[in-house]
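Reading through the structure tokens given below for one structure.
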Number of protein chains: 4
Amino acid sequence: MKTIDMNCDMGESFGVYTLGTDKEILPYVSSANIACGFHAGDPSIMRKTVKLAIENGVAIGAHPGLPDLMGFGRRHIDLFPEEAYDLVAYQVGALWGIVQSEGGHLRHVKAHGMLYNRATQDPELAESIARAVYDIDPDLVLFGLAGGELLNAGKKVGLKTGSEVFADRTYQEDGTLTSRREANALIEDAGLAGEQVTRMIEEGKVHAQQGKDVDILAETVCIHGDGPHALAFAKSIREKIENAGIGIRPIG
Amino acid sequence: MKTIDMNCDMGESFGVYTLGTDKEILPYVSSANIACGFHAGDPSIMRKTVKLAIENGVAIGAHPGLPDLMGFGRRHIDLFPEEAYDLVAYQVGALWGIVQSEGGHLRHVKAHGMLYNRATQDPELAESIARAVYDIDPDLVLFGLAGGELLNAGKKVGLKTGSEVFADRTYQEDGTLTSRREANALIEDAGLAGEQVTRMIEEGKVHAQQGKDVDILAETVCIHGDGPHALAFAKSIREKIENAGIGIRPIG
Amino acid sequence: MKTIDMNCDMGESFGVYTLGTDKEILPYVSSANIACGFHAGDPSIMRKTVKLAIENGVAIGAHPGLPDLMGFGRRHIDLFPEEAYDLVAYQVGALWGIVQSEGGHLRHVKAHGMLYNRATQDPELAESIARAVYDIDPDLVLFGLAGGELLNAGKKVGLKTGSEVFADRTYQEDGTLTSRREANALIEDAGLAGEQVTRMIEEGKVHAQQGKDVDILAETVCIHGDGPHALAFAKSIREKIENAGIGIRPIG
Amino acid sequence: MKTIDMNCDMGESFGVYTLGTDKEILPYVSSANIACGFHAGDPSIMRKTVKLAIENGVAIGAHPGLPDLMGFGRRHIDLFPEEAYDLVAYQVGALWGIVQSEGGHLRHVKAHGMLYNRATQDPELAESIARAVYDIDPDLVLFGLAGGELLNAGKKVGLKTGSEVFADRTYQEDGTLTSRREANALIEDAGLAGEQVTRMIEEGKVHAQQGKDVDILAETVCIHGDGPHALAFAKSIREKIENAGIGIRPIG
């Protein structure tokens, strides 16, 4: 049986501020990427989220971001590769501390926002991140955009990797995501999103905006946890995947 | 041979700001308490400090503090015990991430500033801290003021503990430190400080301000890393201890 | 005609995080207390909120808090009076910068959360805050709990003050609010809340939990902007006040 | 008599961390650019620095930076122009609050670090900053690199501007500074630095690295307040300027 991982960013609340629908969406995913306090999250939110993930039998991952709570880690900050290494080691360790104290197990790492985007294109940044993850624990799985530099870097340093695809984003013929600035960047119909992702898993192909099929490796699907339709979307995609006879489970 | 640990707070620089004389003082201590980014320190400073500690063969400890960089963790912040637990788990984990990635080993935990002071007197706070440390790694050694609640809590939860004494502070007849607001709180003569600490190690006694001897357990001596005379003081105290035939090594 | 001010805390969102219902509640109040970036708010949120207040013809006030975004300014932090002075001057100035650049006018200052609570009881802290406000602009109005030290301090330094009452909190016979830890601290019936506040305005009296009437000066009523019933409550209280023939307008 | 302003960045300490030699260097400059809490500085440091500036009769300016204490405002952060506007309005206002409460007068604004560097080259960012300054107080003087976009933007929005030159940096034939990555970026001889700056003031010319003279407008000279030779350098340059019969005073 083919299998796929479904991952979702979580623990992105902070103090009194609430973001996302962690509790509701957890039953529909197999991996939780938990924010580590730099772009979102705080120690108490992290604990609550780790507990929820354990209760739901969902694999726990660290979701390190740029040190910019005000910008939610989405604004580019010019870092030296060593700074990126240090930020990742710090945040992965911080979540490890929480996970360890809850008797859980840290399974993967997925960089957040602009750190993820830049590392997708920048081999040096990608390698800093991959090396930090490897140096902390070589058994961790590194997530990265399908076809991007994070996966290359992960393999290079010796990590197991998770090639990530999006159900609700359209693709270009070079295998990259259509920029969010473009009109047709998003797939808002849950049925079409489910079809796209099922085909990526089964056939390893996605239909690009330019009209032809592109090869793509789908090992983990990113599910969005916020927005008004997040939950309905997650349910629908999961159903589609299960109906296709594909197993849903964490990588590694 | 009697032995004693000598510890010093380190890694308390931040960004472009420099504090302390880590590099110079490391050869004179056996344990480094490394700040974890809340009251001081940042991921890159933490790495530099961990590297220095490893190079000097000094035991590495986490030095978690209150989330108050502006106040250097010295201002009381009213926390729920669970918040303290979470802050400690986060910070110890963060340093663990850095230590792990450098191939080092995390040996102990010493709370910083007001977190340490309050936990010395507050059994509930002390237990939160001790439990967080135990739940992360039951082999970690928990430092606490000789005679204080942190040691009680550490023992209660099953941790090895390090009873901390001060060479350069005077003591009250109830075994507590003389408040810094008192005129005679500090011992500024390195020779007298060395004598006090040597006697604490050898005889388990300290001469209190009220004129009589008090029992005290000395397992680790706190050495201050800042101030103009820090280095001379550290050297002098180490010499005194070595001349008394006492071995200097980490606990545990 | 008797008049009263109705105030509400606003601009307490941060970055991507949203809190409160500023836009909806603005039509029902006459004064907006805008967070200044320490316990909540950021420069862009501040600007949006100032614009909204100006559009709604609502008086603008600074709402300075303790430097603790994670704790939303609700955790006590032990400050020296000079530190409180500096924090208030900084935050009031910051909001002034935004207000000035929008062509608005800064009318009042209301401390937030634990800074407000402590200053209500601590004359020295209250005077630090009052003096900071006066030294920036002696025409600003200082809000404080009816009967509390902030009002005393404001008068002492020469400021106009706003004696604040709560529609939805019960009172003790010494004129203080019933602690939120008590079962009957809150008035959840909007009708009763409206009656309490109308009577405070018209008669200067409130019925205390112990059964007798207490004198109270109502110059501004605090309206809560969050919680599921905030808007309905605000509407209802405003109606009650207007039906009693009381004018609603800012102080000073 | 020709005159020139001499400015220096100040108040860049934070909490327990000390940076610079504000007290020593103040007697040698006519303008102090005071950090506003984002890249450096905190409310209490700001007050101390404002007091020192007033005592020394030195003009007070705001020195707003990017929100990045860990990177000291030197790392590029990708901001929307409106975010830059808001950050500047907030920080200038915050310093205004402190200055106002000390009975002083805010005279100028100089952006810090990467905010200054980027605005020197980016007309849109420069205009956001200039407009924020103008909208707060049209009498403020906006400092910017000689020949750069900040000066253009300042003039465009109607501000008085201060064209800034460096005594200790070499210039390119297009009037820009030699990059710090180049070997000959710095003039380390105080005598040569003094000659360069005196000639810029008297003749409006600087000798570029490529060998020919370039026109340059010198209205304010940047003096560095940190580094081991800062004080000696400041003294020497001031002497050179005074010996040339040039008056030293703030702009505007």
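What do you reckon, is A:LEU140 farther than 16 Å from A:HIS108 by Cβ and touching a Leu at 6+ places or on another chain (Cβ under 8 Å)?
No: the conditions fail for A:LEU140.
Kindly establish whether B:ASP5 is within 14 Å of chain A (Cβ to nearest Cβ) and among the charged types (D, E, K, R).
It is false that B:ASP5 is within 14 Å of chain A (Cβ to nearest Cβ) and among the charged types (D, E, K, R).
Could you check how many residues of region B:27-38 are within 21 Å of B:ALA230 (Cα to Cα) and either among the β-branched types (Val, Ile, Thr) or in contact (Cβ under 8 Å) with a residue 40 or more places away in the chain (or both)?
So the answer is 7.
Quick one: which of A:ALA94, A:ALA59, A:ALA53, A:ALA84 is modelled with pLDDT of 95 or more, touching a Pro at 6+ places or on another chain (Cβ under 6 Å) and not β-branched (Val, Ile, Thr)?
A:ALA59
So which of D:THR178, D:THR220 ends up being open to solvent by less than 10 Å² (accessible area, probe 1.4 Å), modelled with pLDDT under 95 and of a type in the set (Ser, Thr, Tyr)?
Matching residue, one of D:THR178, D:THR220: D:THR178.
What number of residues in region D:205-223 are among the small types (Gly, Ala, Ser), without any contact (Cβ under 8 Å) to a residue 40 or more places away in the chain and either outside any loop (DSSP other than H, G, I, E, B) or in contact with a strand residue (DSSP E or B) (Cβ under 6 Å, 6 or more places away or on another chain) (or both)?
Of the residues in that region, 1 qualify.
Taking B:GLY15 as the residue in question, decide whether it is in contact with a Leu (Cβ under 9 Å, 6 or more places away or on another chain), surrounded by 24 or more Cβ atoms within 10 Å (Cβ to Cβ) and modelled with pLDDT of 95 or more.
For B:GLY15, the condition - in contact with a Leu (Cβ under 9 Å, 6 or more places away or on another chain), surrounded by 24 or more Cβ atoms within 10 Å (Cβ to Cβ) and modelled with pLDDT of 95 or more - is not met.
Which members of region B:168-190 meet the condition of being closer than 19 Å to B:GLY113 by Cβ and touching a helix residue (DSSP H, G or I) at 6+ places or on another chain (Cβ under 8 Å)?
B:ASP168
Residue check, B:LYS240 against (1) in contact with a Ser or Thr (Cβ under 6 Å, 6 or more places away or on another chain); (2) free of Cβ contacts under 8 Å to residues at least 12 places away in the same chain, all met but one. Which one?
(2)
Based on this model, can you work out whether D:LEU115 counts as open to solvent by less than 10 Å² (accessible area, probe 1.4 Å), under 18 Å from A:ILE77 (Cα atoms) and within 14 Å of chain C (Cβ to nearest Cβ)?
yes
If you take the residues of region B:147-168 that are within 19 Å of A:SER101 (Cα to Cα) and surrounded by fewer than 21 Cβ atoms within 10 Å (Cβ to Cβ), which of them is nearest to the other protein chains (Cβ to nearest Cβ)?
Among residues in region B:147-168 that are within 19 Å of A:SER101 (Cα to Cα) and surrounded by fewer than 21 Cβ atoms within 10 Å (Cβ to Cβ), the one nearest to the other protein chains (Cβ to nearest Cβ) is B:VAL157.
Being of a type in the set (Val, Ile, Thr) and in contact with a strand residue (DSSP E or B) (Cβ under 7 Å, 6 or more places away or on another chain) narrows it down to one of D:VAL197, D:VAL157, so name that one.
Testing whether each residue is of a type in the set (Val, Ile, Thr) and in contact with a strand residue (DSSP E or B) (Cβ under 7 Å, 6 or more places away or on another chain) leaves just D:VAL197.
Would you tally the residues in region B:185-205 being at positive phi and open to solvent by 30 Å² or more (accessible area, probe 1.4 Å)?
Within region B:185-205, residues that are at positive phi and open to solvent by 30 Å² or more (accessible area, probe 1.4 Å) number 0.
Scan region C:10-31 for residues that are of a type in the set (A, V, I, L, M, F, W, C) and within 14 Å of another protein chain (Cβ to nearest Cβ) and jot them down.
Those that are of a type in the set (A, V, I, L, M, F, W, C) and within 14 Å of another protein chain (Cβ to nearest Cβ): C:PHE14, C:VAL16, C:LEU19.
When you scan region B:68-82, how many residues do you find that are acidic (Asp, Glu) and assigned to a helix (DSSP H, G or I)?
Residues in region B:68-82 being acidic (Asp, Glu) and assigned to a helix (DSSP H, G or I): 1 in total.
Pairs, please: C-beta under 6 Å, at least 6 apart or cross-chain, first residue free of Cβ contacts under 8 Å to residues at least 24 places away in the same chain and in region A:14-26, second in a loop (DSSP other than H, G, I, E, B) and open to solvent by less than 20 Å² (accessible area, probe 1.4 Å)?
A:VAL16/C:PHE72
In region C:83-93, what residues are facing another protein chain (nearest Cβ under 7 Å), under 15 Å from B:MET70 (Cα atoms) and open to solvent by less than 30 Å² (accessible area, probe 1.4 Å)?
C:ASP86, C:LEU87, C:TYR90
Failed condition for A:GLY225, given (1) open to solvent by 60 Å² or more (accessible area, probe 1.4 Å); (2) modelled with pLDDT under 90, with all others met?
Every listed condition holds for A:GLY225 apart from (1).
For the list (1) aliphatic (A, V, I, L, M); (2) without any contact (Cβ under 8 Å) to a residue 60 or more places away in the chain; (3) touching a strand residue (DSSP E or B) at 6+ places or on another chain (Cβ under 9 Å), I need the number of the one condition that C:LEU95 fails.
Tallying (1) aliphatic (A, V, I, L, M); (2) without any contact (Cβ under 8 Å) to a residue 60 or more places away in the chain; (3) touching a strand residue (DSSP E or B) at 6+ places or on another chain (Cβ under 9 Å), C:LEU95 fails exactly one: (2).
Check whether at least one residue in region D:172-188 is farther than 23 Å from A:ASP78 by Cα, more than 14 Å from every other protein chain (Cβ to nearest Cβ), touching a residue at least 60 places away in the same chain (Cβ under 8 Å) and not hydroxyl-bearing (Ser, Thr, Tyr), and report yes or no.
no
Here are the criteria: (1) away from every other protein chain (no Cβ under 14 Å); (2) without any contact (Cβ under 8 Å) to a residue 60 or more places away in the chain; (3) surrounded by fewer than 24 Cβ atoms within 10 Å (Cβ to Cβ); (4) not hydrophobic (A, V, I, L, M, F, W, C). Tell me which single one C:GLY144 does not satisfy.
(3)
What's the number of the condition D:ALA132 fails, among (1) open to solvent by less than 10 Å² (accessible area, probe 1.4 Å); (2) under 15 Å from the mean Cα position of the chain (by Cα); (3) under 21 Å from D:GLY93 (Cβ atoms)?
Exception for D:ALA132: condition (2).
Residues in region A:39-67 that are assigned to a loop (DSSP other than H, G, I, E, B) and either within 13 Å of chain B (Cβ to nearest Cβ) or buried (at least 21 other Cβ atoms within 10 Å of the Cβ) (or both): how many?
9
Just need a number here: residues in region B:70-82 that are within 17 Å of C:LEU69 (Cβ to Cβ) and either open to solvent by less than 30 Å² (accessible area, probe 1.4 Å) or touching a helix residue (DSSP H, G or I) at 6+ places or on another chain (Cβ under 6 Å) (or both).
Going through region B:70-82 one residue at a time, the tally reaches 4.
Quickly run through region B:207-218 and pick out the residues that are over 11 Å from B:ARG169 (Cα atoms) and either of a type in the set (Gly, Ala, Ser) or in contact with a helix residue (DSSP H, G or I) (Cβ under 9 Å, 6 or more places away or on another chain) (or both).
If the condition is that a residue be over 11 Å from B:ARG169 (Cα atoms) and either of a type in the set (Gly, Ala, Ser) or in contact with a helix residue (DSSP H, G or I) (Cβ under 9 Å, 6 or more places away or on another chain) (or both), then B:HIS207, B:GLY211, B:ASP213, B:ILE216, B:LEU217, B:ALA218 are the ones that fit.
Look at D:LYS2 and say whether it is open to solvent by 30 Å² or more (accessible area, probe 1.4 Å) and without any contact (Cβ under 8 Å) to a residue 60 or more places away in the chain.
No.
Count, please, the residues in region A:59-69 that happen to be without any contact (Cβ under 8 Å) to a residue 40 or more places away in the chain and in contact with a helix residue (DSSP H, G or I) (Cβ under 6 Å, 6 or more places away or on another chain).
Number satisfying all stated conditions: 0.
Given the conditions (1) in contact (Cβ under 8 Å) with a residue 60 or more places away in the chain; (2) on the phi < 0 side of the Ramachandran plot, which single one is not true for C:GLY113?
(2)
The values are calculated or read from the model by the stated rules, or taken from the named source; none is laboratory data. The shown structure was predicted, so the numbers you read here are calculated from the model rather than taken from an experiment. Cβ: placed from backbone, ideal geometry, glycine included. Neighbour counts: every protein chain shown. We work out accessible area using only protein heavy atoms, side chains counted, and drop any ligands, DNA or RNA first. Shrake-Rupley method; radii C 1.70, N 1.55, O 1.52, S 1.80 Å.
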